[in-house]
Amino acid sequence: MRFPFLLCAACCLPGVADARPADWRIEAEAPAHVAFSHGGIEIDTPLGLTLWYRRRLSGAVRISFDAMPIAHGGPNDTVSDLNAFWMAREKDGSDPAPRSGRFEDYDTLQTYYVGIGGNRNTTTRLRRYVATPRVRPLLPEHDRGDARLAPGRWTHITLIADGATIAVERDGSRLFTLTDPTPYTSGWFGLRTTWSHWAFRHISIKAQR
């Protein structure tokens with residue numbers, strides 16, 4: 001079942017996210033369905049997929065969006081892996097090079113990463129990638145098992161990069177805060193998932209105040 005009703009994205013910075021296909025880059029590990037309709041996005045994928053917003057973000061940024069795991073009995077309706085990268089860049093500071101969609105391929109980025117309902121909806125984690133293969137640093141306070149996803153229910157996610165303060169909020173409550181003494185202050189934003197089916201709406205990128 002497809003979802004053509006998704007609402008328009010909000011845009012508040014020069015070059016911020018809207019849901020026009022030309023503004024996004026798909027990296028899929030296997031053939032997948034990615035649809036753009038009325039400002040929203042649907043992702044239906046059997047394996048890993050990253051959907052990058054092509055424009056570089058810089059400075060203090062607040063990214064927000066609504067997401068809903070679709071669970072109508074389809075082969076990928078697993079209710080799992082609401083993930084995202086933000087302020088992502090290569091080790092030399094350049095824009096992310098194309099990758100295969102395999103999760104391990106992103107280890108060599110400098111980026112913040114959140115995975116909500118990962119590992120088949122059992123873990124929720126915040127990581128700061130350090131551009132090193134097979135290294136994804138995880139602090140104990142950034143590893144939770146209580147932030148589960150609910151099938152067919154919208155959840156509102158906010159990603160914050162504000163100097164040394166990096167944070168993730170869900171439905172108005174703080175999930176994680178990271179104080180980064182050497183913060184990533186520019187880079188790309190990407191939606192990420194694996195073996196799942198998601199709808200997204202109300203995508204917004206604003207200057208953090």
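Summary of packing: across the peptides 176-185, 194-203, the per-residue average of other C-beta atoms within 10 Å ranks them, highest first, as 194-203, 176-185. Judged by the gyration tensor of its Cα atoms, with axes a ≥ b ≥ c, region 10-207 is rounded; a/c sits under the 1.5 cut. The simple Förster model, with R0 at 45 Å and r as the Cβ-Cβ distance, assigns R148 and R102 a FRET efficiency of 0.95. On full extension, the segment bounded by E90 and T132 gains 14.1 nm, given 0.36 nm per residue less the C-alpha separation. When you count the other C-beta atoms within 10 angstrom of each residue and take the mean per peptide, 61-71, 94-104, 136-146 line up highest first as 61-71, 94-104, 136-146.
For the peptides 113-126, 75-88, the ranking by packing is 75-88, 113-126, with the highest mean count of neighbouring Cβ atoms within 10 Å listed first. Taking θ as phi - 60° and the Karplus parameters 6.51, -1.76 and 1.60, the scalar couplings of region 53-65 work out to 7, 6, 9, 5, 9, 8, x, 6, 10, 10, 9, 9, 6 Hz in sequence order, x denoting glycine and proline. Projecting the Cα atoms of T108, V79, A150 onto the dipole axis of region 31-167, where Lys and Arg carry +1 and Asp and Glu carry -1 at the beta carbon, places T108 farthest toward the positive end.
None of the figures in this text is laboratory data; all of them are computed from the coordinates on show. Bear in mind that the values here come from a model prediction, so they are computed numbers and not experimental data. Glycine also receives a Cβ, built like all others from the backbone with ideal geometry; neighbour counts cover every protein chain displayed.
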